[in-house]
């Protein structure tokens, strides 16, 4: 049996799409839970609902709640498929959880269906970042069951055997080089085709999107949630206050060129008010979301002949922003504040990229 495939009997509201789930989280978190986790075993629903509700009450973003929910659903799908005897929280042993961490976190190497000859599809591990996020999600759930609900006596993930490759060194975050970023901006500036139902104002939108992401380090969710009310603040102060993760507020400065790109877009933006007063619009005049930005990025990155365009995501603009600041010898504390990291150790991951470049620069000196 394919270790990553969900049980055919488990259908997680397949008629819904990501936008539908995000709207449900905004409108009624209980309805979201009932729809999203309809297929999991009844014995786990009460505690899992309590965890999801706690995230909602702590004002975690809908995207964060949905991300955790996908991780939990995949976990329970694997357990129901591979360990059907596990029907209570106390039956989650380190061995069971370790099996998920070693066999459940895989994906097909190709999206194409296997051949009619019955050849088994090949699978590969998820990225280290994805594995780490999913592992953290499950560990937090068991911590909650242990410490808050007193539902279990021990956390099955506190045992060494429950972790795969524990303590391995994290890869430095990928980012755009200066010439790659310039090529990306240039292909947007040079775009003159109106294929796919495009309108002229969309070029100004696209150049503003990627200029702002490159020059502010905003999370893509923070960017998409920009409202028209924030525009006057930016115009008056050249900065914008945003509420990031953990309800923490920070100010993001706007360079003159970045502000100009924003104003260029606003000057041609269709005069329409969305339900949430959003700044960014799709061609159908709906609110732009992270998936829309991702699709735009893939289109332009391919045209700009950026080698890694298939794996390029809006989040890498945040990595690029931080790395470029470090290269300019900006101190870590300032970068931490600009990015909105609660712990400076999160920011320190970028120093590995800059340190590597410094070693490469010194290696170019002549030997004496």
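Structural remarks
- Region 251-272, residues that are in contact (Cβ under 8 Å) with a residue 40 or more places away in the chain and part of a helix (DSSP H, G or I): 257, 258, 261, 262, 264, 265, 267, 268
Residues checked against (1) closer than 17 Å to residue 302 by Cβ; (2) within 28 Å of the chain's Cα centre (by Cα); (3) modelled with pLDDT of 85 or more:
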{"site": "130", "(1), (2), (3)": "no, yes, no"}
{"site": "134", "(1), (2), (3)": "no, yes, yes"}
{"site": "137", "(1), (2), (3)": "no, yes, yes"}
{"site": "152", "(1), (2), (3)": "no, no, yes"}
{"site": "162", "(1), (2), (3)": "no, yes, no"}
{"site": "178", "(1), (2), (3)": "no, yes, yes"}
{"site": "184", "(1), (2), (3)": "yes, yes, yes"}
{"site": "188", "(1), (2), (3)": "yes, yes, yes"}
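- Sole exception among (1) more than 23 Å from residue 186 (Cα to Cα); (2) in contact (Cβ under 8 Å) with a residue 40 or more places away in the chain; (3) out of contact with any strand residue (DSSP E or B) (no Cβ under 6 Å at 6 or more places or on another chain) for residue 287, by number: (3)
- Among residues of region 1-17, those that are modelled with pLDDT of 50 or more and surrounded by 14 or more Cβ atoms within 10 Å (Cβ to Cβ), counted: 2
- Identity of the residue in region 52-68, surrounded by 17 or more Cβ atoms within 10 Å (Cβ to Cβ) and under 20 Å from residue 150 (Cα atoms), that ends up modelled with the highest pLDDT: 52
- Take the conditions (1) in contact (Cβ under 8 Å) with a residue 24 or more places away in the chain; (2) under 16 Å from residue 221 (Cβ atoms); residue 308 misses just one of them, which is (2).
- Only one of 247, 238, 276 that is closer than 27 Å to residue 58 by Cα and touching a strand residue (DSSP E or B) at 6+ places or on another chain (Cβ under 7 Å): 276
- The sole residue among 210, 199 that is in a loop (DSSP other than H, G, I, E, B), at pLDDT 85 or above and not assigned by TED's automatic domain parsing to the domain that holds residue 54 is 199.
- Residue within region 215-227 that is out of contact with any strand residue (DSSP E or B) (no Cβ under 6 Å at 6 or more places or on another chain), without any contact (Cβ under 8 Å) to a residue 40 or more places away in the chain and either surrounded by 14 or more Cβ atoms within 10 Å (Cβ to Cβ) or assigned to a helix (DSSP H, G or I) (or both) present: no
- Filtered residues of region 253-287 (kept if in contact with a helix residue (DSSP H, G or I) (Cβ under 6 Å, 6 or more places away or on another chain), closer than 16 Å to residue 210 by Cβ and surrounded by 14 or more Cβ atoms within 10 Å (Cβ to Cβ)): 254, 258, 261, 262, 264, 265
- So residue 294, is it crowded, with 19+ Cβ neighbours inside 10 Å, touching a helix residue (DSSP H, G or I) at 6+ places or on another chain (Cβ under 9 Å) and at pLDDT 85 or above: no
- Selection from region 52-98 of residues that are touching a helix residue (DSSP H, G or I) at 6+ places or on another chain (Cβ under 6 Å), without any contact (Cβ under 8 Å) to a residue 12 or more places away in the chain and part of a helix (DSSP H, G or I): none
- Residue selected from region 297-317 under the condition in a helix (DSSP H, G or I) and touching a helix residue (DSSP H, G or I) at 6+ places or on another chain (Cβ under 7 Å), by the criterion modelled with the lowest pLDDT: 309
The values are calculated or read from the model by the stated rules, or taken from the named source; none is laboratory data. All of these numbers come straight from a predicted model, not from anything done at the bench. Reconstructed Cβ throughout: ideal geometry from the backbone, glycine too, with neighbour counts over all protein chains shown.
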